[in-house]
Amino acid sequence: MPPGPRTPKALNATLFLLARNRAVAKWHDRYGDVFSVDIPTVGPTVVIRGAELHRTVFTAKPDVLHAGDNPLGDALGPGSLFSMDEDEHLAERRKLLPPFHGERMRSYEELIETEANRSMDVWPIGKDFKTIKPFSQITLRIILRAVFGAEGRELSELEKIIPTMTRLGQMRIASELLMRDYGRWSPGGYGDRLMLRYREIVRKLIDGHLADPELNERIDILALILNADLEAGRPIDYGAVGDELLTLLVAGHETTASALAWTVERVTRHPEVLRRLSEEAEGEENVYRLAVINEVLRVRPVIGLTGRSVFRRDFELDGWTIPAGTKILCGIRETNLDPRSHPEADRFDPERYVGRKPDTYSWIPFGGGMRRCLGAAFAQFEMDIVLRTLLRRFELQATDAAGESERFKGLAYAPAGGGKARVR
């Protein structure tokens, strides 16, 4: 195993929970691109950074490195993409991929713009406010409508229970012991009741879809999942469908909202970037806007690490032999900020992505390989439309305030000040 800190497991767990990014950066500075650390509940772990190391991990065969044994997958259920490996994972990914690309994805543009405008109708004018909250409301409604196909009463109730479910789910990932059902008033008991209600609503949505004679014409992703199962002659598994819908919600709600808040936080501190964005938004081009989004995702990735598990046999990595059963954590943040791949890596410079796609292994805010985030293109598309809507409606004011630090919200890193902004 590579060298690494030999601090007590309890201290490692505390650092990973409360100061993960700082601890990982410090350990990399001391031990290099590869180090090992022992973390309670996770076990022996190897942490890596750098494009070439990630190329090795991301291109490994799916029967060599697994990713389905993780706390998030456990929380979301066996029907979640996060819980699957090998052929099962590949089949589910192929089934879910089409609506997140191409014309099917672009068909959601009007829905995204509608929900952005709906929220922005009540934004305060001339006052500082935290953008993370309205962005969270926008991204939640987009997912509930585009993915769940929810409207009316079901949409309203899911809007109410999902934020609390998300918060309690994050607590469950952090501490399974804390979130056990200790009675009606315990967080675990409340979370279990909300999950039961979620299942009931999803069952009602599925039954409504199946009874719709125009199911084939619907564009929501639930309809796509059901149509794929019906065409293949598979029985509808209500539990598995519910797990997958919840997976898409968890993966695309708080993460995209945090990325939008970071975008506001970054561009308001770079007046020339903001000026160019505002001018471009007056027309139909989005080349510079996409470059800004890519640069924000590089310097402020909302997910810091993504993991694999060495399965069955030892894995060779950079001259080290990683034993079967070891976790490999891929450093998204540290690789995105690696000066070997990104000149002046700490500088916010969207120009580096104008007319140029980011590199597959040195720009990894969505992970990589066959486990790369399924909704990566959709998230960037959503950010593009929401940002365009904002810039066409408002003048976003620049600020000379210090940059906001990051705050870990259980799943994603968000600006500690909420992505504070003032609009006119």
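The values are calculated or read from the model by the stated rules, or taken from the named source; none is laboratory data. Model, not experiment: these values are computed from the prediction. Glycine also receives a Cβ, built like all others from the backbone with ideal geometry; neighbour counts cover every protein chain displayed.
Miscellaneous remarks
- Scanning the range 219-256 for residues that are touching a residue at least 40 places away in the same chain (Cβ under 8 Å) and assigned to a helix (DSSP H, G or I) yields a total of 23.
- Which listed residue is under 20 Å from residue 375 (Cα atoms), not acidic (Asp, Glu) and not in a helix (DSSP H, G or I), from 78, 99: 78
- The single condition among (1) over 20 Å from the mean Cα position of the chain (by Cα); (2) part of a helix (DSSP H, G or I); (3) more than 19 Å from residue 158 (Cα to Cα); (4) among the basic types (Lys, Arg) that residue 118 does not meet is (3).
Every residue, every condition in (1) crowded, with 20+ Cβ neighbours inside 10 Å; (2) of a type outside the set (S, T, N, Q); (3) under 24 Å from the mean Cα position of the chain (by Cα), yes or no:
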{"site": "242", "(1), (2), (3)": "yes, yes, yes"}
{"site": "248", "(1), (2), (3)": "yes, yes, yes"}
{"site": "271", "(1), (2), (3)": "no, yes, no"}
{"site": "283", "(1), (2), (3)": "no, yes, no"}
{"site": "286", "(1), (2), (3)": "no, no, yes"}
{"site": "300", "(1), (2), (3)": "yes, yes, yes"}
{"site": "322", "(1), (2), (3)": "yes, yes, no"}
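- The lone exception for residue 126 - which of (1) part of a loop (DSSP other than H, G, I, E, B); (2) touching a Ser or Thr at 6+ places or on another chain (Cβ under 9 Å) it fails: (2)
- Residue among 355, 418, 410, 367 that is in a loop (DSSP other than H, G, I, E, B), under 27 Å from residue 112 (Cα atoms), at pLDDT below 95 and under 21 Å from the mean Cα position of the chain (by Cα): 410
- Odd one out for residue 34, checked against (1) β-branched (Val, Ile, Thr); (2) within 30 Å of residue 224 (Cα to Cα); (3) in contact with a Pro (Cβ under 8 Å, 6 or more places away or on another chain): (2)
- Among (1) without any contact (Cβ under 8 Å) to a residue 12 or more places away in the chain; (2) surrounded by 18 or more Cβ atoms within 10 Å (Cβ to Cβ); (3) among the acidic types (Asp, Glu) - the single one residue 265 does not satisfy: (1)
- Residue within the range 37-51 that is touching a residue at least 60 places away in the same chain (Cβ under 8 Å), crowded, with 18+ Cβ neighbours inside 10 Å, over 21 Å from residue 410 (Cβ atoms) and more than 21 Å from the chain's Cα centre (by Cα) present: yes
- A search for C-beta distances below 6 Å between a residue of the range 93-117 that is within 25 Å of residue 62 (Cβ to Cβ) and any residue that is in a helix (DSSP H, G or I) and among the charged types (D, E, K, R), counting only pairs 6+ apart in sequence or on different chains, returns 98/104.
- A single entry from 313, 340, 308 fulfils the requirement of being basic (Lys, Arg), buried (at least 18 other Cβ atoms within 10 Å of the Cβ) and in contact (Cβ under 8 Å) with a residue 40 or more places away in the chain: 308.
- Residues that are surrounded by 15 or more Cβ atoms within 10 Å (Cβ to Cβ) and in a helix (DSSP H, G or I), drawn from the range 1-24: 12, 13, 15, 16, 20, 21, 23, 24
- Here 291, 259 are screened, and the one residue that is touching a residue at least 24 places away in the same chain (Cβ under 8 Å), surrounded by fewer than 24 Cβ atoms within 10 Å (Cβ to Cβ) and in a helix (DSSP H, G or I) is 291.
- Figure legend. Inter-residue proximity from the range 120-149: first residues within 23 Å of residue 242 (Cβ to Cβ) and free of Cβ contacts under 8 Å to residues at least 24 places away in the same chain, second residues outside any loop (DSSP other than H, G, I, E, B) and hydroxyl-bearing (Ser, Thr, Tyr), beta-carbon distance below 9 Å, spacing 6+ or different chains. Indicated pairs: 137/119.
- Checking residue 62 against (1) on the phi < 0 side of the Ramachandran plot; (2) out of contact with any His (no Cβ under 8 Å at 6 or more places or on another chain); (3) surrounded by 16 or more Cβ atoms within 10 Å (Cβ to Cβ); (4) not aliphatic (A, V, I, L, M), the condition it does not meet: (2)
- Taking the criterion of being over 30 Å from residue 23 (Cβ atoms) and either touching a strand residue (DSSP E or B) at 6+ places or on another chain (Cβ under 8 Å) or of a type in the set (Val, Ile, Thr) (or both), the residues of the range 369-392 that qualify are 385, 386, 389, 390.
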